[in-house]
Each structure stands twice: as structure tokens, then as C-alpha cells.
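The values are calculated or read from the model by the stated rules, or taken from the named source; none is laboratory data. Just so you know, these numbers come straight off a predicted model, no measurement behind them. Counting neighbours? That spans all protein chains shown, and the Cβs are built from the backbone with ideal geometry, glycine included.
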Amino acid sequence: MTALVGAAALLLLAAGALKVADPTAAATALSARGWRVPPVGVRVGGAAEAALGAATLAFGGRALAAVVALAYAAYAVWVAAALRAGTPCGCFGEPGRAAHPAQLVVDAGFAVAAGVGALAGVGALVETSVAAMVAAVVVAAVAYRVLTRSGVVVTR
């Protein structure tokens, strides 16, 4: 379970860092849903997302896994709403990329995995076996590929 929660945390760290570096995709997606968030707001949210990922990787534990589960559940709700509305997701990809059902599967899967990790308890990925670390990186890389390659470009 630590490897799956670690994979989810790796994605949070990467997604948050990308939002800090360039808030455009997230700001575009928020705007398409009627939420006007300035770039600094997206960057602050991205920093919080990255911090959650980093803390989960470094410390593990039930409480952090529960917060990761809540974050991914919220992302799943966001993607489901974007799918219904035909609007961009803002999930890693380009600003105009529409949400895709595969993104919903990834987010819901990580929400469930982190929820189970919160119940069962998970350790810090950095203190686990090399095999678990490799598994986490592989799962995160596959999920990243799904999140960045799914969807179609919205030309509105």
C-alpha cells in the first residue's frame, strides 16, 4: 500500500510544482468553470499540493494518507464535472485539453488507494524497500502518462 500512496504523492508533488512554475493550465480550467483565480492563487494551491506530496513521501502515516485520499476524491469530482461540461481539466496537460474518462479512473483509483492506506497505515516511501520505491515510480509514471496523453484539445 505504501507504494500506491507513494505514487499518488509523487504525482501531487509533480502537479503542484508544475502549477507553481506555470499556473496557466489550472487557471484556464478554473476560468472555464467560472472560477476566477489569479495566477498567484493557483501557485499557492500548487505549493500546498506539492507540500502534501513531499510530506507524504517523507513521513507517511494515516493522517497524510487521508488528506491525499481527500485530495484525489476532490480531483475525481472536478474531472467528472469537467467531463459533463466538456471543459478543460487543468490536470498536467495543456490549457485547452478537455477532461478524459481515464483521468477520472486515475484520480478515483488513487483516492481509494490512499483511503485504504489511511485505514491500514502506510510508511514513508523514502524509508521503504527499493522494490516499493521502484513500484511507486513506475505507477506514478504510468498515471502521469495517462493524465498527460488523455483527452482532446478544446478549441472554443
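Observations, loosely collected:
- Residue match in the stretch 100-113 (condition: among the small types (Gly, Ala, Ser), in contact with a Cys (Cβ under 7 Å, 6 or more places away or on another chain), under 27 Å from residue 30 (Cα atoms) and in a helix (DSSP H, G or I)): no
- Subset tally (residues that are more than 16 Å from residue 3 (Cβ to Cβ), of a type in the set (A, V, I, L, M, F, W, C) and surrounded by 17 or more Cβ atoms within 10 Å (Cβ to Cβ)) for the stretch 74-110: 12
- Residue check, residue 8 farther than 21 Å from residue 116 by Cβ and either among the acidic types (Asp, Glu) or touching a helix residue (DSSP H, G or I) at 6+ places or on another chain (Cβ under 8 Å) (or both): no
- Test: residue 74 is more than 23 Å from residue 34 (Cβ to Cβ) and of a type outside the set (Val, Ile, Thr): no
- Scope the stretch 73-92; condition on the phi > 0 side of the Ramachandran plot and within 16 Å of the chain's Cα centre (by Cα); matching residues: 90, 92
- The combined condition, being touching a residue at least 24 places away in the same chain (Cβ under 8 Å), more than 23 Å from residue 127 (Cα to Cα) and buried (at least 17 other Cβ atoms within 10 Å of the Cβ), is not fulfilled by residue 57.
- Among the residues of the stretch 74-84, just one is touching a residue at least 12 places away in the same chain (Cβ under 8 Å) and either outside any helix (DSSP H, G or I) or β-branched (Val, Ile, Thr) (or both), namely 79.
- When residue 122 is tested against (1) in a helix (DSSP H, G or I); (2) more than 23 Å from residue 27 (Cα to Cα); (3) modelled with pLDDT of 95 or more; (4) among the aliphatic types (A, V, I, L, M), just one condition goes unmet, and that condition is (1).
- Within the stretch 139-150, restricting attention to residues that are in contact (Cβ under 8 Å) with a residue 24 or more places away in the chain and hydrophobic (A, V, I, L, M, F, W, C), the residue that is surrounded by the fewest Cβ atoms within 10 Å (Cβ to Cβ) is 146.
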